Amino acid sequence: MNYEDSSALQYPLIKDYIDRMYGKSKIDFPSSYFYPMQLSASPNPDKIIKYQRKFINYLAISIVYALLPADLRKIFHYKFVKKYSSVSMAYRVQCSEYVIYTRINSVYDQILSILNYQITDNDLLDSRILLNVINLLDMRISILVRYNLTDATYYDKLCRLRSMYSRLYSGYVDLYNKPETDDRAKVIMLFDFNREISVSFLAENLNYCKTSIYNIFQRTKKKMKKISGKAN
């Protein structure tokens, strides 16, 4: 049986994942599914692997929801938890239905990326995304290895992704260790601790102009890409 995750991560299924997660019939995951070593006596590893994939699907949605900015989280909550219509949502958040449509699609894109253990360029500056994707990869790798249910090519792919994201996170740690000698550190640290902070706030409180802040973001992204091996 093929356990390569990509076969189950088609874009049209994301809304279905979200609806199931916030619907009335939620799936209860036994605590043992957090600990693959406890499942060694299971007579049905195929079922466990599929069940864990569902767990990762819902966990990825939870991660994205928890990390959304407050205004977008409100839209997400209205649509998928409250089940409001687009007209009702537009009235409540005082924006057009088109804006709501495009913003919801941006959430779908974020979920799809994490489901496929991928990060966007913007995620390069978000240690929370990096850590969560590393955790998802650890979960998937550990259980596939435990039951020897993945081929060498796919296993190598997951391990390379895991290694790359670990290097990226180590790059953050190095940056945090030298805030007095690297002007990027102060900006990135503040932004990473509170994603709601605006560029104007950073510029005013750090005595930088806005252009300098944007330049720091771009320089740091370039450095992180180099660390990951994705630099052009």
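The values are calculated or read from the model by the stated rules, or taken from the named source; none is laboratory data. Model, not experiment: these values are computed from the prediction. Methodologically, a virtual Cβ is constructed for each residue, glycine included, from the backbone with ideal geometry; neighbour enumeration extends over all protein chains shown. Heavy atoms of the whole protein, side chains included, go into the accessibility calculation; ligands, DNA and RNA do not. Shrake-Rupley method; radii C 1.70, N 1.55, O 1.52, S 1.80 Å.
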Open item on the list: Condition first: open to solvent by 40 Å² or more (accessible area, probe 1.4 Å), β-branched (Val, Ile, Thr) and part of a loop (DSSP other than H, G, I, E, B). Can you find one or more residues in segment 169-190 that meet it?
Closed with: yes
Task: Members of segment 86-126 that are modelled with pLDDT of 85 or more and among the hydroxyl-bearing types (Ser, Thr, Tyr) - done: SER86, SER88, TYR91, SER96, TYR98, TYR101, THR102, SER106, TYR108, SER113, TYR117
Open item on the list: Criterion first (in a loop (DSSP other than H, G, I, E, B), among the hydroxyl-bearing types (Ser, Thr, Tyr) and at pLDDT 85 or above) does TYR78 satisfy it?
Closed with: no
Open item on the list: Name the residue that is surrounded by the fewest Cβ atoms within 10 Å (Cβ to Cβ), counting only residues in segment 211-227 that are farther than 15 Å from ASP174 by Cα and of a type in the set (A, V, I, L, M).
Closed with: ILE213
Open item on the list: If PHE193 satisfies all but one of (1) in contact (Cβ under 8 Å) with a residue 40 or more places away in the chain; (2) hydrophobic (A, V, I, L, M, F, W, C); (3) out of contact with any helix residue (DSSP H, G or I) (no Cβ under 6 Å at 6 or more places or on another chain), what's the number of the condition it fails?
Closed with: (1)
TODO: Evaluate segment 93-111: report whether one residue or more is open to solvent by less than 70 Å² (accessible area, probe 1.4 Å), free of Cβ contacts under 8 Å to residues at least 24 places away in the same chain, of a type outside the set (S, T, N, Q) and in a helix (DSSP H, G or I).
DONE: yes
- [ ] Could you run through segment 57-71 and say how many residues are surrounded by 19 or more Cβ atoms within 10 Å (Cβ to Cβ) and touching an Asp or Glu at 6+ places or on another chain (Cβ under 8 Å)?
- [x] 0
Task: Residue that is most open to solvent (accessible area, probe 1.4 Å) [pool: residues in segment 72-92 that are free of Cβ contacts under 8 Å to residues at least 24 places away in the same chain and of a type in the set (A, V, I, L, M)] - done: VAL87
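Every residue in segment 146-162 that is within 23 Å of LEU124 (Cα to Cα) and either surrounded by 13 or more Cβ atoms within 10 Å (Cβ to Cβ) or of a type in the set (S, T, N, Q) (or both), please.
Going residue by residue through segment 146-162, those that are within 23 Å of LEU124 (Cα to Cα) are 156-162.
Passing the criteria: LYS157, LEU158, CYS159, LEU161, ARG162.
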